[in-house]
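The values are calculated or read from the model by the stated rules, or taken from the named source; none is laboratory data. What you are looking at is a predicted structure, and each value in this text was computed from that prediction instead of being measured. Because the Cβ atoms are built from the backbone with ideal geometry, glycine has one as well, and the counts that use them run over all protein chains shown.
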Amino acid sequence: MTEDIVTVPNVDLERYLGRWFEIARKPMRHEDAHASDVVAEYSLNNDGSVRVLNSCLNDKGEPEQSEGRATAVDGSNAKLEVSFLPQGLQWIPFTKGDYWIIRLDDDYATALVGGPDRKYLWLLSRDSNLNREVAQDWLRYAESQGYDIADVIWPRQSGKVHGKP
């Protein structure tokens, strides 16, 4: 599919901040396929960028954490670039990933995030136990945007957050 991904028209970053539980995702080489309790915490940095703090339990049940920084690429705040490199190295080309919010409910309780190349996809929820039928509906929306959802991973979610905020 060569058509562009359609993002939501506008994101209120203040409302988007906070804790999100990963309900489903496409596999990624830099994320353990067996990770569980995957959580993203978003907060605002002094410069207006977004602090991204991801935490999970790895396949051995040990907590892991990574910190990154996201910046909006346009006025809609629906398209962001994220880097997990240390601040001093973030200038290096090709070290940022696309984080495009392609669906977001009115309550900012469920979000579907992907990239324009359709290689990455995350279904996020404020609730660690999003109803499976609701989740499937959100993934069907991603499929309508050209994402292959056949290989989606459903990480175990206990609702616990591992690591420090």
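Here are a few things to note about the model shown:
- Selection from the range 119-145 of residues that are without any contact (Cβ under 8 Å) to a residue 24 or more places away in the chain, under 25 Å from residue 97 (Cα atoms) and in a loop (DSSP other than H, G, I, E, B): none
- Residue check for residue 8: in contact with a Gly (Cβ under 6 Å, 6 or more places away or on another chain) and of a type in the set (A, V, I, L, M, F, W, C): no
- Criterion violated by residue 11 - all others in (1) more than 12 Å from the chain's Cα centre (by Cα); (2) within 19 Å of residue 83 (Cα to Cα); (3) not charged (D, E, K, R) satisfied: (2)
- Close Cβ contacts (under 7 Å, 6 or more residues apart or on different chains) running from residues in the range 4-22 that are assigned to a strand (DSSP E or B) and surrounded by fewer than 18 Cβ atoms within 10 Å (Cβ to Cβ) to residues that are at pLDDT below 95 and among the basic types (Lys, Arg) are absent.
- Number of residues in the range 41-64 that are of a type in the set (Gly, Ala, Ser), surrounded by fewer than 19 Cβ atoms within 10 Å (Cβ to Cβ) and within 13 Å of the chain's Cα centre (by Cα): the value is 0.
- The range 101-117: number of residues that are at pLDDT 95 or above and surrounded by 15 or more Cβ atoms within 10 Å (Cβ to Cβ): 10
- Selection of first residues in the range 58-75 that are under 18 Å from residue 29 (Cα atoms) and of second residues that are among the aromatic types (Phe, Trp, Tyr), restricted to Cβ pairs under 6 Å at least 6 apart or on distinct chains, gives the following pairs, ordered by first then second residue: 66/84; 68/84.
- Check on residue 25, surrounded by 15 or more Cβ atoms within 10 Å (Cβ to Cβ), basic (Lys, Arg) and in contact (Cβ under 8 Å) with a residue 60 or more places away in the chain: yes
- Counting only residues that are of a type in the set (A, V, I, L, M, F, W, C), modelled with pLDDT of 90 or more and part of a loop (DSSP other than H, G, I, E, B), the range 64-100 holds 2 of them.
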